[in-house]
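Working notes, structure below.
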Amino acid sequence: MSYYISTTLKNTTFKEAIDKTTAALKEEGFGVLTEIDIKATLKKKLDADFYNYTILGACNPQMAHQALQAENKIGTMLPCNVIVQEREPGIVEVSAVDPAASMMAVENDSLAEIAKDVQKKLTKVIKSI
């Protein structure tokens, strides 16, 4: 089982890909709580060059609330990370964590159902971009 859901966008800019991803997340009830620019962070902290790579910390408040009620330590796995990376100019990959795969380690049937619902929403996000 793969631990992520992914698509590749061609003939787009990195910024456009982030904007499209953020808009698609919003359509499915997710907000972006954090945006981590890996390229800038690695340059600043290590003076290392890296390609365009941003991590979006996406959260659907209703589903996060349900998950926290089902499993009080599930916050260690929140928010859902979505990455946008451009390894070649004009070709941008967008990938989201597969919550059903990542939560298999947690033995909680009600949480598994919530994870499947989030998985469906994130799959819809990725397919719509």
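Since every read-out is calculated from the coordinates, none of them should be taken as a lab result. Everything numeric in this text was worked out from a predicted model, so none of it was measured. Neighbour counts run over all protein chains shown; Cβ positions are idealised from the backbone, glycine included.
Here are the numbers for this structure:
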{"item": "Residue ID - farthest from the chain's Cα centre (by Cα), chosen from residues in segment 1-19 that are assigned to a strand (DSSP E or B) and not β-branched (Val, Ile, Thr)", "result": "LYS10"}
{"item": "Residues being within 12 Å of VAL82 (Cα to Cα) and either in contact with a Gly (Cβ under 6 Å, 6 or more places away or on another chain) or not in a helix (DSSP H, G or I) (or both) - total across segment 20-36", "result": "7"}
{"item": "Within segment 95-107, tally of residues that are surrounded by 13 or more Cβ atoms within 10 Å (Cβ to Cβ), among the aliphatic types (A, V, I, L, M) and outside any strand (DSSP E or B)", "result": "5"}
{"item": "Candidate set from segment 80-94 (those that are acidic (Asp, Glu) and closer than 12 Å to TYR53 by Cβ); member that is surrounded by the most Cβ atoms within 10 Å (Cβ to Cβ)", "result": "GLU86"}
